[in-house]
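K.L.:
One structure, pasted below without further comment.
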Amino acid sequence: MPNPPLTATVAVMSPPFASLSYSLPDWLPAEAFALGQRVAVPLGKGLRAGVIVELSESATDSPTDSGQEPIESASLAADGQAPTKRASAEDVGQAPTKRASAEADDTQEAESAVEETPNVPPDARVKGAAAPLRGAGAEPRSRKLASSSKPFDFILKPILWPLEREPLLPGFYLDLARQLALRQTESLGRILCGLLPAGLRVTQVSVRFFGEGKPRDVRLRELAGLGAEELGRLGELWTSGRAEVGRGGRSALDTELCGLALDPPWPVRPAARAQMAMLEYLHERGEVTRRKLGDDLGKGAPATLALLAGRGIVRIRPSDGPAADDVLPAIAPPDAGGFCLTPQQREVFEPLLEAVRAGRAETRLLFGITGSGKTAVYLELAREVLARGRSVLLLAPEVALALKLWGDAKAALPGARLHLFHGYLSATAREAMFRELAGAGAGAGGGARAGTGTGAASGSGAEAASGGGTGSGNVPRLVVGARSALLLPLDNVGLIILDEEHDSSFKQDEGFVYQAKEVAWYRAERQGALLLMGSATPDVKSYYAAREGRIPLHLLDERVGGGKLPEVRVVALSKQGAEGSPLAAESLEALQTVVERGEQAVIMLNRRGYAPLMYCLQCATVAKCPHCDIGLAYHKGRERLL
């Protein structure tokens, strides 16, 4: 059997966003760590959240920057000495010990991942190492960057604690992050910081241990100050499944079960009525949640529960799985009738269905005029993909359009597992959906664990395209949303639809910058999916590619119901502009005619007011309507927000 890896490369999701090397801690088995797992690591005087992106048997075997090749000995100085100041802190991702401090630079943040720290127990040993770390009565375990007469020694700090039991990020998602890092010339840690919700990038959490008596909550910073013996006992609880990391947005009242630890008769005085009532309640009903126990037994239940748990009569443990209301429903079989597609829609749908059945990565353009029924084609195609056990991403450039597609999908596919994702969801809701979708694909492509071989996180597009387990975690899903939904860790995707693909909103040019069409193309190639771009006015590049035969073009030029597109005329204001009016004389006459007939008219302006919004320079808060939460436009002439 292969030796367990001694080193984990961790992409830190906060400044300096570096990929640093850490040893595996002695208080947890090597199998407790896996690729794609979030961990808490010491850096400087504090703790940072990071993601394990590689496991190796040597600190020099793995690249320490996203998407780069491993650093060879050629990176060293010509005389075989230690790397240059820049390489030692940024490129290698490991800092020298005090013996090399005269040659190292002052990059204290990077050095802190390697130097000694009071937060790490002095007698801690790296799992599988032949020699203990410094302070355990033996020489420090060291690595040589290159063979030379002056070895460059360093000591790795161990990872403090995992932030989850199973890796959150599957291999294909780490590959996506690496590609984005290469595309944007950014570090992998900075990309992961932009991809993951804020609640998954913090270390201000507690670990709850369920040992003898009352459960014990220990904050991560408190763990860093514990001795090796105490950490070993807590590590045994974690390994045996009797510990869990607190999760934002979930109350322990709903995730912990209370049950009897002793059979009757119980060592309780008969006069202790509250204690006897709780014991009789649990004896009759079995395990219940803490919230249920408190609701049924009243306000004094928490104190009574703490007393009985402290005496070892009542046991409190984490729940084993989701509540009954969270169980995923089965996908309904395709309706025999389906949508009543028109002959032209059916003509377009059939070749698209063949492309889905082929299971190959492909890009196609659907050019359909307004009212031609592109949405009906989308949903009928989504129905077929879901029936084949694969998931679907249906994206729109704006939240309002996504809500419309969500409503259509909910009505057309009542048995499907649907999700709606956009930037206006609460932070808790975004984190919960990210966790759910990441967990849904964990069984299909989880990262390699320490002790089972080494390597970087990766996966096969063919494996992803093969689709489908039968467990509840592999239930196919339809995710509807704006561009950010494309960055969810949804596995086994068989169809990606970009509605209104011409819209510039698919490109995010602030904060975390990316082009959704590029990401969609990569995901389709990676997972063997069909990328379908639809629009009534295709992007000039997409249309040119279709005209040149680089991507297949499907045309819908008939409106459903036999209607016709309205007549469009361009009126030059310079020739027909009416005095004192922003409209042309012809437009005014047409409006007057419509009003005289008792009909309605809509005037659409591409701009309203002097500035579309105003915001505070200190906190960036946008001035909004107090009734509808829409941003107010500034009208300079009236000096008012309307």
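K.L.:
Look at the stretch 194-212 and say how many of its residues are farther than 20 Å from Glu431 by Cβ and either under 26 Å from the mean Cα position of the chain (by Cα) or buried (at least 16 other Cβ atoms within 10 Å of the Cβ) (or both).
P.N.:
2
K.L.:
Could you count how many residues in the stretch 343-360 are open to solvent by 40 Å² or more (accessible area, probe 1.4 Å) and not charged (D, E, K, R)?
P.N.:
Here the count works out to 3.
K.L.:
Please tell me if Ala303 is of a type in the set (A, V, I, L, M), modelled with pLDDT of 90 or more and more than 30 Å from Gly36 (Cβ to Cβ). Lay out the reasoning, then the answer.
P.N.:
Details: of a type in the set (A, V, I, L, M): yes; modelled with pLDDT of 90 or more: yes; more than 30 Å from Gly36 (Cβ to Cβ): yes.
Spelling it out, Ala303 is indeed of a type in the set (A, V, I, L, M), modelled with pLDDT of 90 or more and more than 30 Å from Gly36 (Cβ to Cβ).
K.L.:
A further question on this structure: Where in the stretch 212-298 are there helices (runs of 4 or more DSSP H), lying fully within it, with 3 or more residues that are in contact with a Gly (Cβ under 7 Å, 6 or more places away or on another chain) and β-branched (Val, Ile, Thr)? I'd like the intermediate steps shown before the answer.
P.N.:
Values: elements: 220-224, 228-239, 252-255, 273-285, 290-297.
Counting at least 3 such residues, we get no helices (runs of 4 or more DSSP H) at all.
K.L.:
Could you look through the stretch 270-285, keep only residues that are hydrophobic (A, V, I, L, M, F, W, C) and farther than 13 Å from Leu260 by Cβ, and pick out the one that is modelled with the lowest pLDDT?
P.N.:
If we take residues in the stretch 270-285 being hydrophobic (A, V, I, L, M, F, W, C) and farther than 13 Å from Leu260 by Cβ, then Ala271 is modelled with the lowest pLDDT.
K.L.:
Looking only at the stretch 587-624, filter to residues that are of a type in the set (D, E, K, R) and at pLDDT below 85; which one of those is farthest from Arg640 (Cα to Cα)?
P.N.:
Arg607
K.L.:
Among the residues of the stretch 420-430, is there at least one that is assigned to a strand (DSSP E or B), among the β-branched types (Val, Ile, Thr) and within 17 Å of Leu488 (Cβ to Cβ)? Please lay out each step first, then the result.
P.N.:
First pass over the stretch 420-430, keeping only residues assigned to a strand (DSSP E or B): 420-421.
From what is left, the residues that are among the β-branched types (Val, Ile, Thr) are none.
The answer is no, given that none of the residues of the stretch 420-430 is assigned to a strand (DSSP E or B), among the β-branched types (Val, Ile, Thr) and within 17 Å of Leu488 (Cβ to Cβ).
K.L.:
Would you tally the residues in the stretch 212-236 being closer than 20 Å to Ala252 by Cβ, out of contact with any Asp or Glu (no Cβ under 8 Å at 6 or more places or on another chain) and not acidic (Asp, Glu)?
P.N.:
Residues that pass the stated criteria total 9.
K.L.:
Among the residues of the stretch 180-193, count how many are surrounded by fewer than 18 Cβ atoms within 10 Å (Cβ to Cβ) and in contact with a Gly (Cβ under 8 Å, 6 or more places away or on another chain). Talk me through it step by step, then tell me what you get.
P.N.:
Our first condition is that a residue be surrounded by fewer than 18 Cβ atoms within 10 Å (Cβ to Cβ); within the stretch 180-193, this holds for 182-185.
If we keep only those that are in contact with a Gly (Cβ under 8 Å, 6 or more places away or on another chain) as well, we get 182.
Looking only at that region, the number is 1.
K.L.:
What do you reckon, is Val540 of a type in the set (A, V, I, L, M), open to solvent by 20 Å² or more (accessible area, probe 1.4 Å) and out of contact with any helix residue (DSSP H, G or I) (no Cβ under 9 Å at 6 or more places or on another chain)?
P.N.:
In short, yes.
K.L.:
Scan the stretch 257-290 residue by residue and report those that are surrounded by 11 or more Cβ atoms within 10 Å (Cβ to Cβ), over 23 Å from Arg208 (Cα atoms) and among the hydrophobic types (A, V, I, L, M, F, W, C).
P.N.:
Across the stretch 257-290, the qualifying residues are Trp266, Val268, Ala272, Ala274, Met276, Ala277, Met278, Leu279.
K.L.:
In the stretch 228-240, what count of residues is obtained for those that are open to solvent by less than 70 Å² (accessible area, probe 1.4 Å) and at pLDDT 90 or above?
P.N.:
Summing the residues that are open to solvent by less than 70 Å² (accessible area, probe 1.4 Å) and at pLDDT 90 or above in the stretch 228-240 gives 8.
K.L.:
I want to confirm something. Restricting to the stretch 606-642 and keeping residues that are more than 38 Å from the chain's Cα centre (by Cα) and of a type outside the set (Lys, Arg), which single residue is farthest from Ser581 (Cα to Cα)?
P.N.:
Filtering the stretch 606-642 for residues that are more than 38 Å from the chain's Cα centre (by Cα) and of a type outside the set (Lys, Arg), the one farthest from Ser581 (Cα to Cα) comes out as Glu639.
K.L.:
Looking only at the stretch 489-514, count every residue that is assigned to a loop (DSSP other than H, G, I, E, B) and surrounded by fewer than 23 Cβ atoms within 10 Å (Cβ to Cβ) and tell me the total.
P.N.:
Within the stretch 489-514, residues that are assigned to a loop (DSSP other than H, G, I, E, B) and surrounded by fewer than 23 Cβ atoms within 10 Å (Cβ to Cβ) number 8.
K.L.:
Can you tell me which condition Leu565 does not meet? The list is (1) modelled with pLDDT of 85 or more; (2) closer than 30 Å to Gly368 by Cβ; (3) of a type in the set (A, V, I, L, M), and all the others hold.
P.N.:
(1)
K.L.:
Scan the stretch 596-615 and report the pairs whose first residue is within 20 Å of Gly631 (Cα to Cα) and whose second residue is open to solvent by 100 Å² or more (accessible area, probe 1.4 Å), with Cβ atoms within less than 7 Å and a gap of 6+ or a chain change.
P.N.:
Listed pairs, sorted by first residue: Tyr610/Lys636.
K.L.:
List the residue pairs whose Cβ atoms are under 8 Å apart, where the first residue sits in the stretch 421-438 and is open to solvent by less than 60 Å² (accessible area, probe 1.4 Å), the second is among the β-branched types (Val, Ile, Thr), and the two are 6 or more positions apart or on different chains.
P.N.:
Phe421/Val479; Phe421/Val480; His422/Val399; Gly423/Val399; Leu437/Val479
K.L.:
Something else: What are the residues in the stretch 589-620 that are of a type outside the set (A, V, I, L, M) and open to solvent by less than 80 Å² (accessible area, probe 1.4 Å), if any?
P.N.:
Answer for the stretch 589-620, where residues must be of a type outside the set (A, V, I, L, M) and open to solvent by less than 80 Å² (accessible area, probe 1.4 Å): Thr593, Gly598, Gly609, Cys616.
K.L.:
Follow-up. Which helices (runs of 4 or more DSSP H) does the stretch 524-642 wholly contain that include 3 or more residues that are of a type outside the set (Gly, Ala, Ser) and farther than 25 Å from Leu395 by Cβ?
P.N.:
Result: 573-576, 585-596.
K.L.:
Which members of the stretch 23-35 meet the condition of being open to solvent by less than 10 Å² (accessible area, probe 1.4 Å) and either among the hydrophobic types (A, V, I, L, M, F, W, C) or at pLDDT 95 or above (or both)?
P.N.:
Leu24, Leu28, Ala30, Phe33, Ala34, Leu35
K.L.:
Another question, then. Quick one: would you say Arg569 is in contact with a Phe, Trp or Tyr (Cβ under 9 Å, 6 or more places away or on another chain) and open to solvent by 80 Å² or more (accessible area, probe 1.4 Å)?
P.N.:
Considered against the rule, which asks whether it is in contact with a Phe, Trp or Tyr (Cβ under 9 Å, 6 or more places away or on another chain) and open to solvent by 80 Å² or more (accessible area, probe 1.4 Å), Arg569 comes out as no.
K.L.:
Here's a follow-up. Taking Ala261 as the residue in question, decide whether it is out of contact with any helix residue (DSSP H, G or I) (no Cβ under 8 Å at 6 or more places or on another chain) and more than 30 Å from Leu297 (Cβ to Cβ).
P.N.:
no
K.L.:
Among the residues of the stretch 161-179, how many are open to solvent by 70 Å² or more (accessible area, probe 1.4 Å) and touching a Phe, Trp or Tyr at 6+ places or on another chain (Cβ under 9 Å)?
P.N.:
The qualifying residues number 2.
K.L.:
Moving to a separate point now. Quick one: what pairs do we get from the stretch 198-225, first residue more than 18 Å from Arg165 (Cα to Cα), second of a type in the set (Gly, Ala, Ser) and in a loop (DSSP other than H, G, I, E, B), C-beta under 7 Å, 6+ apart or different chains?
P.N.:
Once the first residue is more than 18 Å from Arg165 (Cα to Cα) and sits in the stretch 198-225, its partners that are of a type in the set (Gly, Ala, Ser) and in a loop (DSSP other than H, G, I, E, B) give Glu212/Gly312; Gly213/Gly312.
The values are calculated or read from the model by the stated rules, or taken from the named source; none is laboratory data. Values in this document were obtained by computation on a predicted structure and should not be read as measured data. When we count neighbours, we look across all protein chains shown, and the Cβ atoms used for this are built from the backbone with ideal geometry, even at glycine. With ligands, DNA and RNA removed, areas are computed over all heavy atoms of the protein, side chains included. Shrake-Rupley method; radii C 1.70, N 1.55, O 1.52, S 1.80 Å.
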